[in-house]
Every structure is written in structure tokens, then in C-alpha cells.
1. Exactly one condition in (1) touching an Asp or Glu at 6+ places or on another chain (Cβ under 6 Å); (2) within 20 Å of Glu333 (Cα to Cα) is not met by Ile276; state its number.
2. Can you find, within region 77-126, the residue that is surrounded by the most Cβ atoms within 10 Å (Cβ to Cβ) among those that are polar (S, T, N, Q) and in contact with an Asp or Glu (Cβ under 9 Å, 6 or more places away or on another chain)?
3. For residues that are within 20 Å of the chain's Cα centre (by Cα) and either more than 18 Å from Gly10 (Cβ to Cβ) or touching a residue at least 60 places away in the same chain (Cβ under 8 Å) (or both), tally how many sit in region 30-48.
4. Go through the residues of region 291-299 one by one and say whether even a single one is over 19 Å from Ala161 (Cα atoms) and either loosely packed, with under 14 Cβ neighbours inside 10 Å or not assigned by TED's automatic domain parsing to the domain that holds Lys26 (or both).
5. Restrict the check to region 127-140 and report whether at least one residue is over 18 Å from Asp286 (Cβ atoms), among the polar types (S, T, N, Q) and touching a residue at least 24 places away in the same chain (Cβ under 8 Å).
6. Among the residues of region 127-146, write down those that are buried (at least 20 other Cβ atoms within 10 Å of the Cβ) and not in a strand (DSSP E or B).
Amino acid sequence: MKRIVMTGGGTAGHVTPNIALMPTLKARGFEIYYIGSYDGIEKKLIEDTGIKYYGVSTGKFRRYFSMKNFTDPFRVLKGVREARKILKELSPDVVFSKGGFVSVPVVKGAKKLGIPCIIHESDYSVGLANKLCFSAAEKICCDFPETLKSLPKDKGVLTGAPVRKELSEGNSGNGHIVCGFEEGKPVLLVIGGSLGAAAVNEAVRGALPELLKTFNVIHICGKGKTDEAYDGKEGYRQFDYVGRGLADLFAAADIVVSRAGANSVFELLALKKPNILIPLPGGRGDQLLNARSFEGQGYSMVIKQEDITTELLVSKVNELYENRESYISAMSESTQQDAIKIICDMLVEAADEKTGD
């Protein structure tokens, strides 16, 4: 049996694509192990899958001044030593890294031990942690065609993002039942992100009198962001968070309003859901870049958060619904929807080359 060590963490976005790959990796004969930080979000997410988890020391690489810039390099060096020790013990045939700062010690440690590494960049612009791993990687997977320009020419591979298979297995009828909707009206699903989005939530609630004339509305507001004043409103159902039932809500939805994180937009692409993206402002600007890429490829409409008003939201939602078939057609022709197979093929090939199979 082949062995693989997976790594990545700091945010759920650096972990969920790894989890999406795991069933196929197991089916193709891999024994899977995971290296993350001692107490990052990745620890619980991976332990919930039953995969053996190892923690290492890690530090953040900052582009700005901080006193921690003087201490974190030592934490990284400690993490490299810890990762090398774990990798020696496990002796994997290949390492797959999803990025985040915890991945740097693992990838650097694997390079020193001659273990092939494949890394994956989700966002339009490459994160610093992945940039630091370029020299150690055999291949660098990416989600967006524009990102290839920022990668070494002999290493970049356009794969798209691995998306959990179970998201495509939802039942529309169950979604309607959970929400208490009658069949007949189209369904608008609004997803504000795990922390919610105050500007989006406010605009959606302000637009309800108009939206509910045409649509049933499912509103995932973010933890603690529901408003009891809207409980029981006919045609409207709000949730602070949805776990296992999300696939049914997606299946019920005709169109979607969403943030523009890389994993989110590729879930919409995989499910072929016409969508309006409202990118989260700030950071490296990746959500805006992600959204503009999807808009340019004909998969999405985009509204900037600073431009959002009740009137604009209603107008764009109606426009999207009227033109939904053109978005479905564009998404159906995308070549960025087979990420799990492409990535797993590369991992099998790298492992076979190492073992001489």
C-alpha cells in the first residue's frame, strides 16, 4: 500500500480540499496521514475524518513589521526538524500540500528527505507560504488559468479545486421540506460565509418584500447573525450555519448569492449553479480576483460589497434568473471540474516513480 502525507492549515479553506481528495486516495490504495499545527483548525477537521494526525511547530511569515518576525523563524526551523522526524518515521511515497504556513516545515522537510511533493494553490494570487515551497515542489496545481502566469512554467498545472462529492448528492425535495417551501417558486440561496456578512444580510433582508414576490429565499446568515424578527416569514428560511444538510439546500436552489472564496466558487461551478458573487473586501484582494475570473469566464455576476444596495441586489437577482441558462451552459463547458482525478493521478504517478513501480 502506498503512503501519502497531506498537509495544510490555518483556515478551513486549506483543509477541506484535502478532505475532498481522501475518499479517492483511499480507493486508489493510499494509506493517509496528516501533518498540521499543534492546535490549528485543521486538527479537529482531520481528526473528525479518522485520519492519523501529527502536530508540528509553525510560525507566520509576515510582509509587515512585527516583533514576532524575530521569533517565528525559529519556530519554523523547529517545525522542519519535527516534520523530518515524522516523515522519517512514516516514510511516505509522496506529500501533498494545500498551503498555509504549517505546510512550509512539512514541504521543506520532505525535500531534505527526497520525498516528492505536489502543492496546490486555491487563490488567484499565490500565497507566500506556497511561494516559499516552489523550489521543493515537483508540480504546483492551481484553480484559475490566470494563476499559471505566476508559476514556474515547468511546474504549473491547472486543475481547479477538489470539491466534496457529497455536495452533488443532495435532494431538492428534502431541501424544500426542511425550509417549509411549496413547489412552484424558484429558490434563491444566499450564503454569507462562515462568519456571515453584515452588508449582504442587511441588503437581503431589505430586499425581501420584492424578492419574495418571485422567489423562495434560503438565507445562511453566519453564526449568531439570524434575526428572529424574520422567523416564520412565508417563503423565507434563515439559518446561522448548515452542515450535513447543505447538499439538499444546494439541490433546491435555482440561483445563488455567495462570497467569492476559492472553495465556494468552485463548489458553485461543480454544481452548475448560476450565481452572484459579492467578494469580501480586504486581505490580498483574492476574493475580488476570484470573482472577476469567474465573471470573465461567464460563470458569475459580480457585485462589489461597497456598491450593494437593496435595489441593485433585486435587479441583479432578477437579471441572473432570467439569463440562468447561459451561465449553466458556460459552466458545463469548463475544464476546471475534474480536479480530484487530475490531482490523484499526479500523486499516484509521483508515488510510483519513487517506489519504482
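The values are calculated or read from the model by the stated rules, or taken from the named source; none is laboratory data. These figures come from a predicted structure and were not determined experimentally. Neighbour counts are summed over all protein chains in view; Cβ atoms, including those assigned to glycine, are modelled from backbone coordinates with ideal geometry.
1. In the conditions (1) touching an Asp or Glu at 6+ places or on another chain (Cβ under 6 Å); (2) within 20 Å of Glu333 (Cα to Cα), Ile276 misses (1) alone.
2. Ser122
3. The qualifying residues number 5.
4. No: region 291-299 contains no residue that is over 19 Å from Ala161 (Cα atoms) and either loosely packed, with under 14 Cβ neighbours inside 10 Å or not assigned by TED's automatic domain parsing to the domain that holds Lys26 (or both).
5. Yes, there is a match, as at least one residue in region 127-140 is over 18 Å from Asp286 (Cβ atoms), among the polar types (S, T, N, Q) and touching a residue at least 24 places away in the same chain (Cβ under 8 Å).
6. Once the filter is applied, which keeps residues that are buried (at least 20 other Cβ atoms within 10 Å of the Cβ) and not in a strand (DSSP E or B), region 127-146 yields Gly127, Ala129, Asn130, Cys133, Ala136, Ala137, Asp143, Phe144.
One line per residue, one yes/no per condition, for (1) hydrophobic (A, V, I, L, M, F, W, C); (2) over 21 Å from Ala12 (Cβ atoms); (3) modelled with pLDDT of 95 or more; (4) within 21 Å of the chain's Cα centre (by Cα):
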{"site": "Ser97", "(1), (2), (3), (4)": "no, no, yes, yes"}
{"site": "Gly127", "(1), (2), (3), (4)": "no, no, no, yes"}
{"site": "Asp154", "(1), (2), (3), (4)": "no, yes, no, no"}
{"site": "Val157", "(1), (2), (3), (4)": "yes, yes, yes, yes"}
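The rows are residues; the columns are (1) at positive phi; (2) surrounded by 15 or more Cβ atoms within 10 Å (Cβ to Cβ).
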site: Ile191; (1), (2): no, yes
site: Val200; (1), (2): no, yes
site: Val204; (1), (2): no, yes
site: Leu212; (1), (2): no, yes
site: Phe215; (1), (2): no, yes
site: Gly222; (1), (2): yes, yes
site: Glu234; (1), (2): no, no
site: Arg237; (1), (2): no, yes
